[in-house]
Amino acid sequence: VALMFYSNDDPADRWRRALTDLMPDLDFRVWPDVGDPNEIDVALVWKPPRGELRRYPNLKAILSLAAGVDAMLRDDSLPDHLPIVRMVDPSLTDGMVEYVLLAVLRHHRMFDHYERMHREARWDYVFPPQAAERRVGVMGLGVLGGEVARALAAHRFPVAGWSRGPKTVAGVECFHGGDGLRSFLARTEILVCLLPLTAETADILNADLFARLPRGAAVVNVARGGHLVDADLIAALDSGHLSGATLDVFREEPLPPDHPFWRHPKILVTPHVASYTVPESAAAGVVESVRRVRAGEPLLNVVDRGSGY
Ligand code: NDP
Ligand code: OXD
């Protein structure tokens, strides 16, 4: 099987080693040195150039290096007969759990306040509520959101989750759909967004949603920048309705140097690092997909193009 690799962010050499350790006869070709396009069977990609995946007439599957496939699906020249397999891997999940725990604990224990007090050399303290009194809500109860919700619940936060369809997650109060959203938001003091970016979820973190959160709530967005209406967040922070935000993803990445998020005192910006795929961990799943392509077996973690995730 010949695999075409494209990514400006992922380490091609580590991927080559990790994959060929497990599948020595894999023909691993890094874009643009892909040779004869007719020979390529599988593409392993993150943000390939628009139209690129049309160049391979014998492509049988597109394997995404990312969990989120919104950018890929925005390419209207993407061949529509090909299955898209999204990234599901413990390294990605573990990284996300760590990041969200850190961000939620930082809001819960008011570290943004203590960071400011430190800079001003002020000995100023307030006692936070116990974790058991701080209600956290996770939007999206999929591979990442489900695990994040479980980890937060294990830290004794009362956790609720919100999904499209009904779900059961042990230790997590589950809401779903438009009707469930109102009750979910009304009880959520720290909101974590782990939704896929789709037509239904674009701009969902907006003024109306913020107004439904209790006063003083904090927001953690680790999903996609397109979920958040930037100006609405700034207005909700400036009015005092929201107390803080941790943002890892942005409409434009890298976040432009003059974007107001960089200098807003209640916002922490990180450069899309909440989680990343470790090749040595994720190679097994990719090899399994290649094996299934070769054997003509059904693929796992295939994106439903209709729902966009
Ligand atoms: P999954 O596809 O496993 O889960 C998606 C969840 O969102 C499901 O619970 C789904 O509901 C829910 N959902 C989808 N649409 C709606 C809707 N309209 N209303 C309510 N709930 C909805 O995704 P993952 O957990 O693997 O990943 C989530 C996202 O995290 C990715 O799409 C990506 O954008 C982002 N991400 C960010 C990273 C970073 O470093 N910042 C790293 C990795 C991922 P249901 O269960 O009913 O289908
Ligand atoms: C992903 C990401 O979707 O890293 O995997 O954002």
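The values are calculated or read from the model by the stated rules, or taken from the named source; none is laboratory data. Remember, it's a predicted structure, so these values are computed and weren't measured experimentally. With ideal geometry, Cβ positions are generated from the backbone for all residues, glycine too; neighbour counts draw on all protein chains shown.
Check Gly165, Gly178 and return the single one that is surrounded by fewer than 17 Cβ atoms within 10 Å (Cβ to Cβ) and part of a helix (DSSP H, G or I).
Gly178
One residue alone among Leu209, Leu181, Leu152 is within 26 Å of Ser239 (Cα to Cα) and either touching a helix residue (DSSP H, G or I) at 6+ places or on another chain (Cβ under 7 Å) or within 16 Å of ligand 2 (Cβ to nearest atom) (or both), and that residue is Leu209. Being of a type in the set (Val, Ile, Thr), in contact with a strand residue (DSSP E or B) (Cβ under 7 Å, 6 or more places away or on another chain), outside any strand (DSSP E or B) and within 24 Å of Phe210 (Cβ to Cβ): is that true of Val148 here? So Val148 passes the test.
Hey, among the residues in the range 225-246 that are without any contact (Cβ under 8 Å) to a residue 12 or more places away in the chain and not acidic (Asp, Glu), which one's nearest to Met110 (Cα to Cα)? The selected residue is Ser239.
The residue that is surrounded by the most Cβ atoms within 10 Å (Cβ to Cβ), counting only those in the range 247-275 that are touching a Phe, Trp or Tyr at 6+ places or on another chain (Cβ under 9 Å) and in a strand (DSSP E or B), is Leu247.
May I ask you to verify whether Val172 is under 24 Å from Gly68 (Cα atoms), in contact with a Gly (Cβ under 9 Å, 6 or more places away or on another chain), in contact (Cβ under 8 Å) with a residue 12 or more places away in the chain and among the hydrophobic types (A, V, I, L, M, F, W, C)? Yes; evaluated as a whole, the condition is true for this residue.
Here are Asp70, Asp41, Asp80: which of them is modelled with pLDDT under 95 and touching a Lys or Arg at 6+ places or on another chain (Cβ under 9 Å)? Result: Asp80 is the single residue among Asp70, Asp41, Asp80 that is modelled with pLDDT under 95 and touching a Lys or Arg at 6+ places or on another chain (Cβ under 9 Å). Considering the range 38-56, and only residues there that are free of Cβ contacts under 8 Å to residues at least 40 places away in the same chain and in contact with a Pro (Cβ under 7 Å, 6 or more places away or on another chain), the residue that is surrounded by the most Cβ atoms within 10 Å (Cβ to Cβ) turns out to be Leu53.
Just one of Val104, Val100, Val88 is modelled with pLDDT of 95 or more, part of a loop (DSSP other than H, G, I, E, B) and either closer than 30 Å to Arg305 by Cβ or under 27 Å from the mean Cα position of the chain (by Cα) (or both); which is it?
None of the others qualify; the one that does is Val88.
Could you please find all residues in the range 210-224 being surrounded by fewer than 19 Cβ atoms within 10 Å (Cβ to Cβ) and either touching a residue at least 40 places away in the same chain (Cβ under 8 Å) or not in a loop (DSSP other than H, G, I, E, B) (or both)?
Those that are surrounded by fewer than 19 Cβ atoms within 10 Å (Cβ to Cβ) and either touching a residue at least 40 places away in the same chain (Cβ under 8 Å) or not in a loop (DSSP other than H, G, I, E, B) (or both): Ala211, Arg212.
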